[in-house]
Structure formats: structure tokens, C-alpha cells
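Asks: Encoded as C-alpha cells, here's the structure I'll be asking about.
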Amino acid sequence: MNKLIYYFSILFLLGVSACDLKENQVELLDQYLRIYDNSSFNKTYIPIDIKQTSSGGYLILGETNLEDASFPGVYLLLLDDEGNFVRDEILPSDYVHSVYNLMQVGDEFYFFCMHKITLITHLIKVNSSGEVSAPQPIADDEGNPVYYPLHASKLSESAFLLQSFNKDANETVISQLSLNGVITKSRSFSIGVGQGVEAPIINHFTRTGKVFPFLAGKAQGNQVFFNGFYNYTFSMVMLDLDADPDQNPSVLQGVNSGAGISAAHYLTGNTFALSRFSFGQNYILPQAQVEASPESPKSSEDLVGNPFPELSPDAHVILKRINIGGREVLLYASDTRGKQIILLAYDVQTGVLLGNRYLGFSNPYELASFTTTDDGGLAVAGTTYVAGRFPRVCLFKLNAQDLTKLTSQGQ
């Protein structure tokens with residue numbers, strides 16, 4: 001693929017590459033913006049997640065449009081330690097709809113996608129050089145395939161958690177898997193029956209409707225949670241995969257598909273860091289008490305939180321707990337109505353807002369995800385629109401000093 005890479009030398013964004021004449025050493029850029037364009041104007045390239053490789057470079061998982069499929073194709077982009085293009089690949093069109101997260105175990109990376117025809121979920125492994133393994137189809141121990149992957153996360157160095165959709169049974173399925181794709185635990189939950197129940201989910205897959213913030217993650221002990229459709233409503237569901245299958249889960253209900261949780265990170269006890277959406281509005285809750293139980297479901301609408309009207313309607317939010325200069329921070333990233341990416345840093349212990357930063361200028365920018373870097377900085381992947389029309393991958397690199405400033409604005 002013919003690549004044309006733009007380098008924006010903006011003083012407040014870019015570090016300056018310096019040469020020490022005495023030692024003849026070149027310092028690496030630790031601040032920059034890269035936009036990755038190409039001459040295929042009929043192609044879209046939209047990132048999903050980013051991780052740093054063992055060489056200091058970056059692997060970006062994304063999607064691209066396919067001529068012969070209703071679902072987006074799988075796209076991989078490999079960069080060096082200064083964000084320069086190394087190689088990219090569109091997987092064979094049999095494999096579509098890659099889902100968040102790109103999960104790292106050692107020097108290898110894993111993600112889930114599905115087969116275009118069979119709709120069966122597949123697990124794919126990528127090494128640090130960007131080389132892709134043969135896709136592994138996922139099925140339970142009775143040979144029943146897992147269809148329609150929605151979200152995945154790493155439970156441990158030896159296990160993944162996968163949320164999927166069983167179209168035939170109208171069920172949300174949550175599964176624990178080994179690194180080689182063997183299902184070790186699984187539970188299914190009805191999303192309801194009736195006309196139109198599955199339509200929002202299918203539209204999510206084909207990108208012809210609302211893209212929902214499906215989630216799957218680990219809570220306390222054996223507890224896990226997922227954010228998805230349960231009993232007709234987009235809800236956050238908490239459960240123990242080792243418990244009696246007949247035991248009801250704890251549920252934090254949304255309102256049909258119009259309100260619910262958009263990001264979640266477990267803290268301690270019944271406390272989560274959350275964000276939620278409600279009919280176009282957005283709320284940040286760095287320390288939310290989730291009191292739901294199997295006997296007493298609750299509503300996400302009862303969690304008031306701080307409204308952020310500058311965020312785009314029902315905004316895409318990525319939330320991670322990271323360490324900045326020895327300080328534990330909850331970092332929220334999202335999109336603004338002004339088409340910038342915003343970073344919001346909160347203290348883990350107090351929930352106090354420490355600072356914010358906006359990324360993007362001139363072009364519109366939309367968040368994909370972010371990852372911490374070995375130099376104490378941050379790499380933020382997103383989408384921008386070249387000539388206002390063509391979706392392309394972009395990368396913002398911040399250094400350790402940038403993050404220190406982000407968390408010291410209120411001091």
C-alpha cells in the first residue's frame with residue numbers, strides 16, 4: 001500500500017529531535033502527531049486499539065471497509081518507536097469485525113473477530129513484528145460455536161473474557177477462555193424476545209446504527225461484569241462465573257438503548273469508576289457506589305455524576321487506571337463536540353479532577369484508545385479526516401512531562 005505520512009511540526013505538540021555532536025547520538029522524539037494517509041481514497045481506516053511493542057514501536061488494531069462484506073474488515077498497522085510507518089495489513093476478507101481490546105501477553109498480542117459467512121468468533125494472535133497467526137475458531141466443549149463477538153478483555157496472563165451475542169437464542173454470552181481459545185467457563189443471559197430486539201445489535205455490527213459501548217471486565221474476586229443487552233435493556237451486569245447458573249446476576253439497568261454505562265473500571269468493594277450516557281448527555285463518575293444486588297437491581301440514571309456537555313452526544317469513552325510519576329490516576333479519554341480528543345485525569349483515591357488536556361487542531365479528531373508508554377508517556381490513537389472526507393489513523397504521542405502537567409493543574 002502506498003503510504004504518505006504527514007509530520008506536523010507544532011511547537012507545543014512536538015519535541016525537537018536533537019543531535020549531541022560530542023557523542024553523535026540522536027534523541028528519539030517523545031512528542032509528536034502522525035497522520036497516516038494513502039492514495040486509496042475509497043478506503044476508510046478507523047483504529048480500535050493501540051499497544052506498544054517490545055521494540056518500543058506501536059501496533060494498532062483497526063477496521064476498514066470491504067467491497068464484498070456488510071461488516072468492516074480487519075486492519076493492522078505497525079509503527080516504529082517514533083511513530084513512523086513500518087507496515088500494514090488488511091486481513092483476508094473472510095475475517096471481519098475486530099473488537100476492542102487488543103490484548104497483550106508477553107511480547108504477543110491477541111484480539112477477537114468473526115468469520116464473514118459463518119459469523120463464528122475467531123481468536124487471532126499477532127507477534128511484535130506484526131506477523132499474524134492462523135485464526136482460531138471459538139466453540140464450547142460440546143462443539144457449539146460462539147457467534148458475534150462484542151468485546152474482550154484480559155483477565156490474567158492466561159485467560160481472556162469475551163462478550164458475544166447468540167442470535168438464534170437472543171442471548172448475551174459471557175465466556176472465559178484460555179490463550180489458545182478454549183472456553184473454560186460460560187454464562188448466557190436473555191436479551192428478551194420479540195420483534196426488533198436484535199436489530200440494534202446487528203446495526204452495531206454493520207456500523208449502520210448506533211455503536212454501543214459493550215464492555216467485559218474483572219471485578220472483585222471471581223466477580224466479572226459486562227455491559228450489554230440484558231432483559232430488553234442495555235445494562236451493566238455483575239456476576240460470578242463459578243456461581244450456580246440459576247442464580248440471578250446483579251444488574252445496573254439502563255433505559256432501553258438510550259441510556260446506560262459507557263465506561264467502567266472496578267476499584268474496590270462496590271465502588272467503580274464509571275461514565276454514563278443518557279439520551280445524548282454524558283456524565284463522569286470517578287467514584288460511583290454500585291449498590292445493585294440480585295434481589296435489588298438499580299438504574300444507571302440514579303448515578304448522577306458530573307455532566308460534561310462539551311462531550312459529543314453519547315460519547316465514546318475509554319477509561320484506564322494508570323501510574324503517572326508514582327501517582328495512581330484514573331484517565332478518561334473521549335470526544336468533544338468541537339471534534340477534539342479530551343483527556344481527563346482524576347485521583348484514584350479521592351475522585352478529584354486533577355486536570356485536562358485537549359488534543360487536535362485544524363482537522364476533526366475522534367478517539368480510538370490510548371496506551372501508556374515505556375518512557376512514562378502516553379500514545380493516543382484516533383481517527384482524523386483528511387481533506388475533511390477520508391477517515392485515517394492518527395497518533396498523538398505525549399511525554400512524561402506532559403502527563404505530569406496534566407495531573408498538576410489543580411495544585
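The values are calculated or read from the model by the stated rules, or taken from the named source; none is laboratory data. Since this is a predicted model, take the numbers as computed values, not measurements. Cβ coordinates were reconstructed from backbone atoms using ideal geometry, including for glycine residues, and neighbour counts include every protein chain displayed.
Asks: Given the criterion in contact with a strand residue (DSSP E or B) (Cβ under 8 Å, 6 or more places away or on another chain), surrounded by 16 or more Cβ atoms within 10 Å (Cβ to Cβ) and assigned to a strand (DSSP E or B), identify the matching residue among Asp402, Asp335. Lay out the reasoning, then the answer.
Replies: Values: Asp402 fails: assigned to a strand (DSSP E or B).
Of the residues listed, the single one that is in contact with a strand residue (DSSP E or B) (Cβ under 8 Å, 6 or more places away or on another chain), surrounded by 16 or more Cβ atoms within 10 Å (Cβ to Cβ) and assigned to a strand (DSSP E or B) is Asp335.
Asks: Glu328: charged (D, E, K, R) and in contact with a Gly (Cβ under 6 Å, 6 or more places away or on another chain), yes or no?
Replies: Numbers: charged (D, E, K, R): yes; in contact with a Gly (Cβ under 6 Å, 6 or more places away or on another chain): no.
Against the criterion (charged (D, E, K, R) and in contact with a Gly (Cβ under 6 Å, 6 or more places away or on another chain)), Glu328 does not qualify.
Asks: Let me spell it out: the conditions are (1) of a type outside the set (D, E, K, R); (2) loosely packed, with under 13 Cβ neighbours inside 10 Å; (3) at pLDDT below 95, and Ile191 meets all of them except one. Which number is the exception?
Replies: Answer for Ile191: the failing condition is (2).
Asks: Suppose we keep only residues that are within 18 Å of the chain's Cα centre (by Cα) and hydrophobic (A, V, I, L, M, F, W, C) within the range 338-355. Which one would you say is surrounded by the fewest Cβ atoms within 10 Å (Cβ to Cβ)?
Replies: Kept after step one, since they are within 18 Å of the chain's Cα centre (by Cα), are these residues of the range 338-355: 340-345.
Among the residues that remain, those that are also hydrophobic (A, V, I, L, M, F, W, C) are: 341-345.
Numbers: Ile341: 25, Ile342: 20, Leu343: 23, Leu344: 23, Ala345: 24.
Here the residue is Ile342.
Asks: Further question on the same structure: Every residue in the range 77-91 that is in a strand (DSSP E or B) and touching a residue at least 60 places away in the same chain (Cβ under 8 Å), please. Before you say what the answer is, go through the steps one by one.
Replies: Of the range 77-91, the ones in a strand (DSSP E or B) are 77-79, 85-90.
Residues satisfying the conditions are Leu77, Leu79, Phe85, Asp88.
Asks: Does Leu177 fit the bill of being modelled with pLDDT of 95 or more, within 30 Å of Gly258 (Cα to Cα), surrounded by 14 or more Cβ atoms within 10 Å (Cβ to Cβ) and not basic (Lys, Arg)?
Replies: Details: modelled with pLDDT of 95 or more: yes; within 30 Å of Gly258 (Cα to Cα): no; surrounded by 14 or more Cβ atoms within 10 Å (Cβ to Cβ): yes; not basic (Lys, Arg): yes.
It is false that Leu177 is modelled with pLDDT of 95 or more, within 30 Å of Gly258 (Cα to Cα), surrounded by 14 or more Cβ atoms within 10 Å (Cβ to Cβ) and not basic (Lys, Arg).
Asks: Here are some residues: Ser128, Ser153, Ser164. Which one is in contact with an Asp or Glu (Cβ under 8 Å, 6 or more places away or on another chain), among the small types (Gly, Ala, Ser) and surrounded by 15 or more Cβ atoms within 10 Å (Cβ to Cβ)? Give the steps one after another, and end with the answer.
Replies: Working: Ser153 fails: in contact with an Asp or Glu (Cβ under 8 Å, 6 or more places away or on another chain); Ser164 fails: in contact with an Asp or Glu (Cβ under 8 Å, 6 or more places away or on another chain).
The conditions single out Ser128.
Asks: From the list Ala288, Ala273, Ala315, which one is small (Gly, Ala, Ser), within 19 Å of the chain's Cα centre (by Cα) and either assigned to a strand (DSSP E or B) or on the phi > 0 side of the Ramachandran plot (or both)?
Replies: Working: Ala288 fails: within 19 Å of the chain's Cα centre (by Cα); Ala315 fails: either assigned to a strand (DSSP E or B) or on the phi > 0 side of the Ramachandran plot (or both).
That would be Ala273, the only listed residue that is small (Gly, Ala, Ser), within 19 Å of the chain's Cα centre (by Cα) and either assigned to a strand (DSSP E or B) or on the phi > 0 side of the Ramachandran plot (or both).
Asks: A further question on this structure: Filter the range 321-332 down to residues that are surrounded by 13 or more Cβ atoms within 10 Å (Cβ to Cβ), modelled with pLDDT of 95 or more and not hydrophobic (A, V, I, L, M, F, W, C), then give me how many there are.
Replies: Going through the range 321-332 one residue at a time, the tally reaches 2.
Asks: Hey, can you tell me all the residues within the range 296-332 that are more than 15 Å from Thr271 (Cα to Cα), of a type in the set (A, V, I, L, M) and in contact with a Leu (Cβ under 6 Å, 6 or more places away or on another chain)?
Replies: Across the range 296-332, the qualifying residues are Ile322, Ile324.
Asks: Among the residues that make up the range 251-270, is at least one of them at pLDDT below 95 and within 21 Å of Glu366 (Cα to Cα)?
Replies: The answer is no, given that none of the residues of the range 251-270 is at pLDDT below 95 and within 21 Å of Glu366 (Cα to Cα).
Asks: OK, next. Identify the residue in the range 268-297 that is touching a residue at least 40 places away in the same chain (Cβ under 8 Å) and β-branched (Val, Ile, Thr) and, among all such residues, is surrounded by the most Cβ atoms within 10 Å (Cβ to Cβ).
Replies: Looking at residues that are touching a residue at least 40 places away in the same chain (Cβ under 8 Å) and β-branched (Val, Ile, Thr), I get Ile284.
Asks: Taking the criterion of being at positive phi and crowded, with 16+ Cβ neighbours inside 10 Å, would at least one residue in the range 98-110 satisfy it?
Replies: Taking the range 98-110 as the starting set, the residues that turn out to be at positive phi are 106.
Retained after the next criterion (residues that are crowded, with 16+ Cβ neighbours inside 10 Å): none.
For the range 98-110, residues at positive phi and crowded, with 16+ Cβ neighbours inside 10 Å: absent.
Asks: Continuing with this model, one more query. Within the range 376-411, count every residue that is closer than 29 Å to Thr350 by Cα, at pLDDT 95 or above and not hydroxyl-bearing (Ser, Thr, Tyr).
Replies: Qualifying residue count for the region: 16.
Asks: Counting only residues that are among the small types (Gly, Ala, Ser), under 20 Å from Gly217 (Cα atoms) and assigned to a strand (DSSP E or B), which one in the range 134-174 is modelled with the lowest pLDDT?
Replies: Keep residues of the range 134-174 that are among the small types (Gly, Ala, Ser), which gives 134, 139, 143, 152-153, 156, 158-159, 164, 169.
If we keep only those that are under 20 Å from Gly217 (Cα atoms) as well, we get 152-153, 156, 158-159, 164.
Among the residues that remain, those that are also assigned to a strand (DSSP E or B) are: 152-153, 156, 159, 164.
Details: Ala152: 98, Ser153: 98, Ser156: 94, Ala159: 97, Ser164: 97.
Looking at residues that are among the small types (Gly, Ala, Ser), under 20 Å from Gly217 (Cα atoms) and assigned to a strand (DSSP E or B), I get Ser156.
Asks: Step by step: first the residues of the range 298-320, then only those that are among the aliphatic types (A, V, I, L, M) and buried (at least 16 other Cβ atoms within 10 Å of the Cβ), then the one that is modelled with the lowest pLDDT. Which residue is that?
Replies: Of the range 298-320, the ones among the aliphatic types (A, V, I, L, M) are 303-304, 311, 315, 317-319.
From the residues that got through so far, the ones that are buried (at least 16 other Cβ atoms within 10 Å of the Cβ) too are 303, 311, 315, 317-319.
Numbers: Leu303: 94, Leu311: 97, Ala315: 97, Val317: 98, Ile318: 98, Leu319: 98.
Once the filter is applied, the top-ranked residue is Leu303.
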